[in-house]
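Okay, so here's the structure we're looking at.
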Amino acid sequence: MTNFANVERRHLAALLRRVGPDAPTLCEGWDARDLAIHLVIRDSRPDAVAGMLSPKLPVLGRHAKSVDADYREMSWEKLVDLVERPPLYSPGRWSPIDKRMNTGEFFIHHEDVRRAQPQWHARQLLNDEQKDLWNVLKLMGPALLRKKSESVVLLAGGFGAVRGGKKSARRVELVRGEPSELLLWAFGREEQADVEITQE
């Protein structure tokens, strides 16, 4: 069976090469270089990840900024090569861990670059790929939805439902779509996700 995380990694690297470092993304304030640096640090610099997550902690934040600055001086070609091929010691090199850790990450960031380009169009994913993304959504969906002020049910035909949000809310927001689109919606890409929303 194909590792969808690895497929998305390769497709994202190819797209990054095509659009260049200054291309826009859906990540507010980030261009393609910012996104590539984020992925490379996540893959290969665990010592800097804590500082990325907690930039206000002085020592960790300074270290993360220093690592980030080093990657900014790297050529675009080399940086994209690092996105495409993580180091040997990276957990992303081992398929079972890669699948669990990176399927959602690389799909979402691939779409962040794709959907920020003019005249983008939705892709038709294979059922197995949608299934992989549904598994990510089942795992992460409740946490992603916890800040919603209403109760939310994500519905994917043929896959099931993921519930989250405020359980005591009187209104229920039903969000229907493919697992891929629901995952994008849950990760805050509401305007670009192809979903149908109704209230109950």
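None of the figures in this text is laboratory data; all of them are computed from the coordinates on show. Treat the numbers as computed from the prediction; the structure is a model and nothing was measured. Here Cβ is always computed from backbone atoms with ideal geometry, including for glycine, and neighbour counts include all displayed protein chains.
Of K65/K138; K99/K167; K138/K167; K131/K166, which sit over 24 Å apart, Cα to Cα?
Beyond 24 Å: K65/K138; K99/K167; K131/K166.
Can you compute the charge dipole magnitude of region 141-199 about its Cα centre, using +1 on each Lys and Arg Cβ and -1 on each Asp and Glu Cβ, nothing else charged? Give it in debye, rounded to the nearest 20.
Charge dipole of region 141-199: 520 debye, to the nearest 20.
About its Cα centre, what dipole magnitude does the chain give when the only charges are +1 on Lys and Arg Cβ and -1 on Asp and Glu Cβ, stated in debye to the nearest 20?
So the magnitude is around 660 debye.
What is the Cα radius of gyration of region 152-200 over 2.2 N^0.38 Å, N being its residue count?
My calculation over the Cα atoms of region 152-200 gives 1.07.
Against the longest alpha carbon principal axis of the chain, how many degrees, from 0 to 90 and to the nearest 10, is the axis of helix 58-72 turned?
Relative to the chain, helix 58-72 is tipped by roughly 70 degrees.
Based on the Cβ-Cβ distance from V172 to A122, what FRET efficiency comes out when R0 is 30 Å, to the nearest 0.05?
Efficiency, from the Cβ-Cβ distance: 0.70.
Rank P96, A143, P24 by how far each Cα sits towards the positive end of the charge dipole of the chain (+1 on Lys, Arg Cβ; -1 on Asp, Glu Cβ) and give me just the farthest.
A143
To the nearest 20 debye, what is the magnitude of the charge dipole of region 4-114 about its Cα centre, counting +1 on the Cβ of each Lys and Arg and -1 on the Cβ of each Asp and Glu?
Its charge dipole is roughly 260 debye.
Taking the Cα-to-Cβ direction at R146 and at E190 and moving 7 Å from each Cα, how far apart do the two end points lie in nm?
Going from the R146 label point to the E190 one covers 2.0 nm.
With every atom except the alpha carbons ignored, what do you get for Rg and Dmax of region 4-114, in angstroms?
13.3, 37
Of all DSSP beta bridges in the chain, what percent run antiparallel (nearest 5)?
Approximately 70 percent, going by the DSSP bridge assignments.
Less than 14 Å apart at the alpha-carbon level, and either on another chain or at least 8 residues along: which aspartates and glutamates does that give for K147?
Reachable aspartates and glutamates: E173.
Expressed as a fraction of 2.2 N^0.38 Å, the rule-of-thumb size for a compact globular protein of N residues, what is the C-alpha radius of gyration of the chain?
1.07
Assuming R0 = 30 Å, can you tell me the calculated FRET efficiency for the pair R17 and R100, based on Cβ-Cβ distance, to the nearest 0.05?
The value I calculate is 0.65.
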